[in-house]
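Here is the structure we will look at.
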Amino acid sequence: MTFATLGLIEPLLRALETLGYQTPTPVQAQAIPAVLAGRDLMAAAQTGTGKTAGFAVPLLQLLTLEGPKVAANSARALILCPTRELAEQVHASVAEYAQNLPLTTYAVYGGVSINPQMMKLRKGVDILVATPGRLIDLFRQNALKLNQLQTLVLDEADRMLDLGFSEELANIYRMLPKKRQTLLFSATFSDEIRLLAGQMLNDPLTIEVSPRNVAANTVKQWVVPVDKKRKAELFVHLMRKGRWKQVLVFAKTRNGVDALVDKLQGLGINADGIHGDKPQATRQRALDRFKSSDVQILVATDVAARGLDIEDLPLVVNFDLPIVAEDYIHRIGRTGRAGNTGEAISLVCADEVNMLSAIEMLTRQTLTRHMEQDFEPEHRVPDTDASGQVVKKPKKPKKPKSSGGGGKRNLGKWVDSGEVTPAEPSIKPVRKVPVFNTGPRKKK
Ligand code: AMP
């Protein structure tokens with residue numbers, strides 16, 4: 001199969017050739033004809049398998065061949081993304097695909113001045129890429145009208161539809177014309193989100209090019225059990241032992257990111273961090289410097305988990321496991337992209353056993369464990385498997401107490417790591433979802 005057989009017009013074929021795209025990826029092969037036919041879509045495909053072109057390329061064709069010229073302060077297609085960095089990246093890809101077309105594209109997001117964005121929107125843009133908060137601001141300040149909108153795309157759709165964005169999304173939905181094409185793309189869709197998505201779409205086509213919720217099979221994954229307090233030390237040890245060159249590291253909290261970056265920099269390691277508390281310009285600069293290999297270690301919160309395309313990134317390290325199991329798939333999907341191989345290592349302490357179990361259940365695999373010599377944890381990480389079981393080893397018989405404190409402390413440690421039993425509710429590998437009042441949909 002070629003892009004030409006999918007019915008793409010010559011300027012798009014030329015752009016794809018310039019970019020070195022020879023054959024459509026599976027998600028592109030299915031999505032392109034469906035989008036061209038005007039269908040609503042829910043498309044699930046593994047990380048790094050070309051989803052952006054899967055929606056952007058046919059969208060550009062539709063906008064070229066159909067619909068009126070864009071009016072002032074209007075957009076004809078809207079692509080919503082969960083993070084500013086992803087909005088910037090998607091916009092860059094759209095601009096590349098549109099290089100031979102008479103269409104305009106632009107990205108708007110928060111954390112930077114709104115005035116230049118308002119100026120830019122005056123003439124209208126064909127494709128607007130946006131994060132939800134800034135889009136709403138622009139709309140409320142009358143810098144943007146959405147009555148001309150033909151197509152709405154939710155990139156990382158499950159993230160866009162979960163609770164974190166529910167209010168903003170509900171507001172945006174009220175601003176949109178009822179008659180439109182809606183496209184949802186993500187690597188993961190929980191059952192709740194599927195249900196919700198089903199209500200939002202008009203006679204949707206579901207595209208699923210890989211088994212549900214699996215990480216890209218080009219990523220080799222393993223786990224190193226370790227005590228929480230020794231994670232930083234283990235990271236530095238593994239980094240030196242493995243001569244790691246470029247690593248994206250995920251930590252759970254903003255403080256965790258800062259603490260690890262400080263520690264690494266204190267050791268003379270070329271590290272930087274990104275999280276939501278940093279100014280946007282600093283965030284983008286750190287990411288750009290990491291992409292161009294000027295920074296060796298980038299430590300990030302889940303703000304960097306979704307969609308970012310870092311060419312040939314060899315390694316992702318989960319310094320902490322994510323609280324939501326789906327985020328594990330997205331995090332490790334920053335490596336092993338576009339058919340390349342990659343590696344994902346998770347440093348797991350006893351406290352995180354429930355998260356490990358939820359990840360294994362969601363991805364239907366038991367992650368291989370490697371014990372690192374001299375870092376064997378005092379607090380054992382209980383065994384887990386893909387069934388969601390956390391296996392508690394039988395307790396060793398208690399030694400008779402010689403003094404009041406010692407025995408108790410030992411037991412305390414053991415119980416600490418084994419505290420999580422199958423009877424305890426494990427972390428659900430899904431987020432809660434909002435209910436949208438999308439109103440009655442008119443027939444297209
Ligand atoms: P995405 O999943 O959209 O972020 O794409 C992942 C990577 O694959 C990006 O670097 C794209 O430029 C690249 N890519 C997308 N589609 C193709 C294709 N058909 N052939 C070769 N590379 C592609």
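The values are calculated or read from the model by the stated rules, or taken from the named source; none is laboratory data. Bear in mind the structure is a predicted one, so any value in this text is a computation, not a measurement. Every residue, glycine as well, gets a Cβ built from its backbone with ideal geometry; the counts of neighbours run over all protein chains shown. Only protein heavy atoms, including side chains, enter the accessible area calculation; ligands, DNA and RNA are left aside. Shrake-Rupley method; radii C 1.70, N 1.55, O 1.52, S 1.80 Å.
Per-structure values
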item: Sites matching trypsin sites (Lys or Arg not before Pro) across the stretch 53-118 that sit in DSSP coil, with at most 11 neighbouring C-beta atoms within 10 Å; result: Lys69
item: Accessible area expressed per residue, the stretch 11-150, with surrounding protein chains retained (probe 1.4 Å, Å²); result: 37 Å²
item: Alpha carbon Rg of the stretch 219-391, scaled by the compact-globule rule 2.2 N^0.38 Å; result: 0.98
item: Estimated Rh, the chain: Kirkwood, alpha-carbon pairs, angstrom; result: 23.3 Å
item: Local net charge near Val70, Cβ-Cβ under 12 Å (Lys/Arg +1, Asp/Glu -1); result: +4
item: Of all accessible heavy-atom area on the chain, the percent that carbon and sulfur account for (1.4 Å); result: 51 percent
item: Dipole magnitude of the chain about its Cα centre (Cβ charges: Lys, Arg +1; Asp, Glu -1), debye to nearest 20; result: 800 debye
item: Amide H contacts of Thr384 (H built 1.01 Å from N, under 5 Å, at least 5 apart or other chain); result: Val391
item: With eigenvalues of the C-alpha gyration tensor scaled by 5 and rooted, the stretch 57-196, Å; result: 22, 18, 15
item: Share, in percent, of DSSP beta bridges within the stretch 219-391 that are antiparallel, nearest 5; result: 5 percent
item: The stretch 268-286-the stretch 335-374 distance, computed between alpha-carbon centres (Å); result: 25 Å
item: Heavy-atom SASA rank of His379, His275 (probe 1.4 Å, accessible area, largest first); result: His379, His275
item: Long-range amide H partners of Ile274 with built H, under 5 Å; result: Val299, Ala300, Thr301
item: Within-11-Å neighbourhood charge of Ala56 [Cβ basis; K, R +1; D, E -1]; result: -1
item: Average accessible surface area per residue within the stretch 155-267, 1.4 Å rolling probe, Å²; result: 44 Å²
item: Pairs beyond 29 Å (Cα-Cα), from Lys123/Lys291; Lys120/Lys178; Lys220/Lys278; Lys69/Lys179; Lys241/Lys263; Lys231/Lys291; result: Lys123/Lys291; Lys220/Lys278
item: 10 Å beta-carbon shell around Pro314, net charge (K/R +1, D/E -1); result: -1
item: Span from the the stretch 140-189 Cα centroid across to the the stretch 41-74 one, whole angstrom; result: 14 Å
